[in-house]
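Encoded as structure tokens, the structure appears first; notes follow it.
Computed from the coordinates by the stated procedures, all read-outs in this text should not be read as laboratory data. This is a predicted model, so every value here is computed, not measured. Quick reminder, even Gly has a Cβ in these numbers, built from the backbone with ideal geometry, and neighbours come from all protein chains shown.
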Amino acid sequence: MLLPSSEIQHLNTVFAYVVQLDKISGLVLMITLKLSYYPWIVQHKSDLEIRSAICLFVNEIQQQWQKSLGSSIRIEVLNPVSVPDQINMIIENECDIALMNPLGFVFARSHQKKVEAIAIALRIINNQVGKTYFAQIFTHKRTAIKKLAQIKGRSMGYGYPYSTSGFIIPAWTLMQEQIHPFTSFPRIEFLGSHEVVAIAVYDGDVDIGTGHDGVIVDLANQRGYGDALDQLVTLKQSAPIPSDPVVVNISDEKLKLNLQKALVQASKTPQGKESIGIFWGNVQGLEIIDSSEYEMLNQCLIDLKLFEKDLITK
């Protein structure tokens with residue numbers, strides 16, 4: 001159940017954290033951490049719904065910490081920020097925890113090795129819970145495109161340049177199919193969110209679109225697009241992509257491990273599972289992860305000859 005805005009404001013006040021030190025004993029009385037997230041972490045949810053769900057999940061983390069360690073931790077939920085801003089924040093320790101997209105994490109870690117993925121979102125793909133998802137390349141039936149090789153010479157709509165499943169992985173997938181992701185199309189547009197790309201293909205503004213594996217299903221659930229499952233056709237599904245990470249920049253190993261444990265346990269409680277399913281969309285929980293599992297994205301960037309400066313405008 002989502003909280004009203006007055007309760008969210010109360011939670012934000014309670015979650016204003018600071019590490020308080022007793023000047024005489026030097027003991028830590030309260031651990032303070034800050035959490036960031038980006039606005040399109042999920043589609044088709046209002047800003048209020050997303051923030052409410054994240055605040056509820058943070059409350060579960062705090063409860064699991066208290067239950068396990070017998071001490072308290074407070075986590076401030078910051079206002080949503082763009083992916084480029086979030087990358088800078090986690091690098092500069094302006095936040096301690098970040099709910100990031102995979103590519104954003106890869107860029108952040110390239111600057112600061114202390115930035116680590118400690119948990120990964122588990123999703124239902126092909127009726128199975130797992131730690132990967134897919135990108136897809138799709139079209140509308142009206143284009144009469146039946147196979148991937150026929151997309152050359154048509155218009156292409158990608159998502160954000162720094163989107164994993166909205167751009168990088170589809171572009172890399174096209175390259176593997178001997179279709180140049182840029183020069184094969186007379187017109188390319190970077191349209192933004194997955195939803196905007198799907199609508200552009202549905203409306204005929206572009207012939208081809210890209211997005212995560214559930215983008216067509218999500219559109220079909222929106223008013224006015226009920227026939228999207230019939231009208232939009234997947235031309236190619238990508239190789240598996242590691243799902244969204246929970247990222248930290250925390251030097252204290254004990255603190256980091258305790259937080260990791262609390263995160264995973266919180267995702268298993270009824271309230272925690274419900275909350276994370278709202279703000280991350282169909283996520284079933286969290287699992288411990290190692291940062292090395294995201295290295296495949298670095299290889300994709302190398303193959304595409306793309307660098308962070310090409311994709312993120314400062």
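Observations on the model:
- Cross-link table K236/K268; K131/K305; K45/K114; K34/K114, entries beyond 22 Å C-alpha to C-alpha: K236/K268; K131/K305; K45/K114
- Placing a label point 7 Å from the Cα of E177 along the Cα-to-Cβ direction, the residues of segment 143-161 with a backbone N closer than 19 Å are 143-160.
- Using R0 = 25 Å, the C-beta based FRET efficiency linking T132 and K305 works out to 0.50.
- Simple point charges give the picture: +1 on the Cβ of Lys and Arg, -1 on the Cβ of Asp and Glu, and for the chain a dipole about the Cα centre of about 340 debye.
- Relative contact order computed over segment 135-239 (Cα-Cα under 8 Å; 6+ residues apart), in percent: 42 percent
- Each label was represented as a point 7 Å from its Cα along the Cα-to-Cβ direction; for K141 and N79 these points are 4.6 nm apart.
- Under a Gaussian network description of the chain, with springs only between Cα atoms under 10 Å, the residue in I288, I75, I168 that fluctuates furthest is I288.
- Straight-line cross-link reach from K273 at under 13 Å between alpha-carbon atoms covers these aspartates and glutamates, not counting any fewer than eight positions away in the same chain: E60, E287.
- Mean separation of Cα contacts under 8 Å (6+ apart) over length of segment 52-181, as relative contact order %: 14 percent
- Each of T269, A239, Q63 was scored by the projection of its Cα onto the charge dipole of the chain, and the greatest displacement toward the positive side belongs to A239; charges sit on the C-beta of Lys, Arg, Asp and Glu.
- GNM result for the chain, Cα springs below 10 Å: residue of P161, P80, P270 fluctuating most strongly: P270
- Evaluated with a Cβ-only charge set (Lys, Arg +1; Asp, Glu -1), segment 135-239 carries a dipole of roughly 380 debye about its Cα centre, given to the nearest 20.
- Looking at segment 135-239, the DSSP beta bridges with both ends there are about 60 percent antiparallel.
- With both residues required to sit in the chain, DSSP beta bridges show an antiparallel share near 70%.
- Here segment 223-251 is scanned for amide nitrogen atoms under 18 Å from the site 7 Å beyond the Cα of N93 along Cα-to-Cβ, giving 247-251.
- Top of E287, E253, E92 by mean-square fluctuation, Gaussian network on the chain, Cα under 10 Å: E253
- Relative contact order of the chain, defined on C-alpha pairs under 8 angstrom at six or more residues apart (%): 25 percent
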